[in-house]
Structures are given as C-alpha cells and as structure tokens.
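**Student:** The following block contains the structure, expressed as structure tokens.
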Amino acid sequence: MRATRALGAGAALLACGAVPLAHAADGAWSLAPAGSGRPSLYAEGVPGAVLEDKVSVTNRSTEPRTVTLRGTGPGGMEKWFAFARRKVTVPPRTRADVPFTVAVPKGVAPGDRSGAVVARGGAVDARCPCGSGWPGPPSPP
C-alpha cells in the first residue's frame, strides 16, 4: 500500500480488520482488500494526510456485475472517502481493483473511528469494515 505518510505526534491509522471476504448474499461477488491475500488495510499519517489503498470487487458469476462503492462511518466520516471509480462494472469471472483515498481532516480530534467501504450491487451490500484513529498528546510522566 502506498500512503502519504507523516510520522510523529498524532499519527493516523486506517485499518480494515482481518475479516473474511465480504460476500454478496447471492455469493456471486465479493469485496476485499486488494492484494495477494492480505487480511487488512493499514495506513498511518497525521490529520490532513491522504491515505491510499485499493479494494477488490470479484465477480464469480457468468454475467457482468455492476457495483457502486462508497465509504460510510459516524460523524461524517463517509466524506473522508474518495474512490477512483464509484461505479464499477466487473466482467464475468474477473476482479476489479479500485483505488481509494481517505483524507483525514485537519484539526480532527484524536481518537478511534470506525467506518466501512461498502459495495452495492443490485439490492445487495458487501462491506469491508475500516477504522481510523490516532493517539492524542503523550501522557505526562
């Protein structure tokens, strides 16, 4: 994963926990972190950083599958996500890797946040849970 990184006080973290593939109810397609079997998404940076990664939409059916991607989360976190393509048509028996960014707003207070990358195909959603957070100021000795 490539990420714009700034290390130091106030590092941000984007993680997609080690979860199984998010499958659509009909089993015809799934959503997962892109790459060779990695179990999670991970990036760090300070508020104001733009974190980059990819998700994979896999179509196991014999027909093309169109899904729409979005980010979701509490407190307006869905606005942090931007996708290279929000609407993706995946040919039969193939996979599409879609780059996305998470822009951590400047001035956001330290703390953990949880959201998700969501793919909607037809009337079915598949989710890849994600979280972001960064430590607060150092504790006094």
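The values are calculated or read from the model by the stated rules, or taken from the named source; none is laboratory data. Keep in mind it's a predicted model, so treat the numbers as computed, not measured. As a convention, Cβ positions derive from the backbone with ideal geometry for all residues, glycine included, and neighbour counts pool all protein chains shown. Keep in mind that these areas ignore ligands, DNA and RNA; they rest on the heavy atoms of the full protein, side chains included. Shrake-Rupley method; radii C 1.70, N 1.55, O 1.52, S 1.80 Å.
**Student:** So which residues in the range 63-76 are open to solvent by less than 80 Å² (accessible area, probe 1.4 Å) and either of a type in the set (S, T, N, Q) or farther than 21 Å from A123 by Cβ (or both), if there are any at all?
**Tutor:** T66, T68, T72, G73, G76
**Student:** Out of everything in the range 114-124 that is open to solvent by 60 Å² or more (accessible area, probe 1.4 Å) and not in a loop (DSSP other than H, G, I, E, B), what residue ends up being modelled with the lowest pLDDT?
**Tutor:** S114
**Student:** Name, by its number, the condition in (1) loosely packed, with under 15 Cβ neighbours inside 10 Å; (2) part of a strand (DSSP E or B); (3) at pLDDT 90 or above that does not hold for K79.
**Tutor:** Exception for K79: condition (2).
**Student:** Follow-up. Scan A43, A18 and give me the residue that is within 20 Å of K79 (Cβ to Cβ) and either of a type in the set (V, I, T) or modelled with pLDDT under 65 (or both). Spell out the reasoning first.
**Tutor:** Values: A18 fails: within 20 Å of K79 (Cβ to Cβ).
Going through A43, A18 in turn, the sole match is A43.
**Student:** Return the residue satisfying two criteria in turn: it lies in the range 82-102 and is free of Cβ contacts under 8 Å to residues at least 24 places away in the same chain and in a strand (DSSP E or B), and of such residues it is farthest from S56 (Cα to Cα).
**Tutor:** Ranking the candidates gives A82 first.
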